[in-house]
Amino acid sequence: ASAIIWYSKLNEADLFVDYSEKIEELQNKFLEFDRLSANEIAEKGFDFLCGHNIEENHHLAYLCFKHSAESNDGLGLRGLALCYFDGYDVEQDEEYAYELTEKAAENGNLRSMKLLYDHNNEQEYIDEDVQNALLDRFSKQLSGDLENNDKRAYAILSDCYSEGSMSFEKDD
């Protein structure tokens, strides 16, 4: 991690040598891209994004999400969408963020499915077939994730009851 910092400073100071490849190589090694699964890399990205047990770093979060998303990991795609929604280390691009959210939903990310369902409900015209298909996919994915004791599934289920969304009746 220290090597990355010092190469970055050197890259800013030395006008004659480009250290970006060395920095990228060290970042990949530091982020353990060669050792972790795409989902584990995405989880690491959320640690960097939110500062969980590590210093908050939007650039490293973005790199994790980008790498994970290249494998079509639902969590990585969701994280990359967040980067584009909020402009974390990239230029804010809401249209692209929604595309990534749709892809994350297709790849089993419950939070993305819920976001799309809620977003569609806010529109003037709602395609009932699309909403029903999304709700069906959500229910199947949620059921499977709950069986596997996925902590994210419990959090999303709590949100659904708290908000009264995804066909769940509001129940605090």
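The values are calculated or read from the model by the stated rules, or taken from the named source; none is laboratory data. Since we're looking at a predicted model, the values are computed, not measured. All Cβ positions, even for glycine, are placed from backbone atoms using ideal geometry, and neighbour counts span all protein chains on display. In case anyone asks, the SASA skips ligands and DNA or RNA and just uses the protein heavy atoms, side chains included. Shrake-Rupley method; radii C 1.70, N 1.55, O 1.52, S 1.80 Å.
Enumerate by residue number the chymotrypsin sites (Phe, Trp or Tyr not before Pro) in the stretch 111-141 meeting two conditions: DSSP loop (anything except H, G, I, E, B), and at most 11 other Cβ atoms within 10 Å of the site's Cβ. Mind showing how you got there, number by number?
Numbers: sites: Y117, Y125, F138; in loops: Y125.
Qualifying residues, ordered by number: Y125.
Quick check: with the 1.4 Å probe, what order do Y154, Y96 take by accessible area, largest first?
Working: Y154 105, Y96 85 Å².
Descending accessible area places them as Y154, Y96.
Over the heavy atoms of H67, what accessible area does a 1.4 Å probe trace out, to the nearest 10 Å²?
Number for this one is 60 Å².
Rg/Rh for the stretch 73-172: what does it come to with C-alpha atoms and Rh from Kirkwood? Intermediate values should be presented prior to the final figure.
Values: Rg = 13.6 Å, Rh = 14.0 Å.
Looking at the stretch 73-172, the ratio lands at 0.98.
Rounded to the nearest 10 Å², what accessible area does H59 have for a 1.4 Å probe in the complete protein model?
Surface accessible to solvent at H59 totals approximately 70 Å².
Whole-Hz Karplus ³J(HN,Hα) for the stretch 95-107, in order, using 6.51 cos²θ - 1.76 cosθ + 1.60 and θ = phi - 60°, x for Gly and Pro?
These are the phi-based 3J(HN,Hα) values: 5, 5, 4, 5, 4, 5, 5, 4, 5, 5, 5, 4, 9 Hz.
Would you mind computing, in nm to one decimal, how far apart the modelled labels at L157 and E94 are, each placed 7 Å from Cα along Cα→Cβ?
3.4 nm
Just how much of E163 is accessible, in Å², when a 1.4 Å probe is used and the result is rounded to the nearest 10?
Here the accessible area works out near 100 Å².
Summarise the accessible area of the stretch 48-171 (1.4 Å probe, protein heavy atoms) by the percent that is carbon and sulfur. Present the calculation step by step, with values, prior to reporting the outcome.
Details: 2930 of 7110 Å².
Taking all protein chains in place, the stretch 48-171 shows 41 percent carbon and sulfur surface.
First select every other residue whose beta carbon is under 12 angstrom from the beta carbon of K114; then total the charges, Lys and Arg +1, Asp and Glu -1. Working shown, then result.
Values: positive: R78, R111, R137, R152; negative: D118, D159, E163.
Summing Lys/Arg as +1 and Asp/Glu as -1 gives +1.
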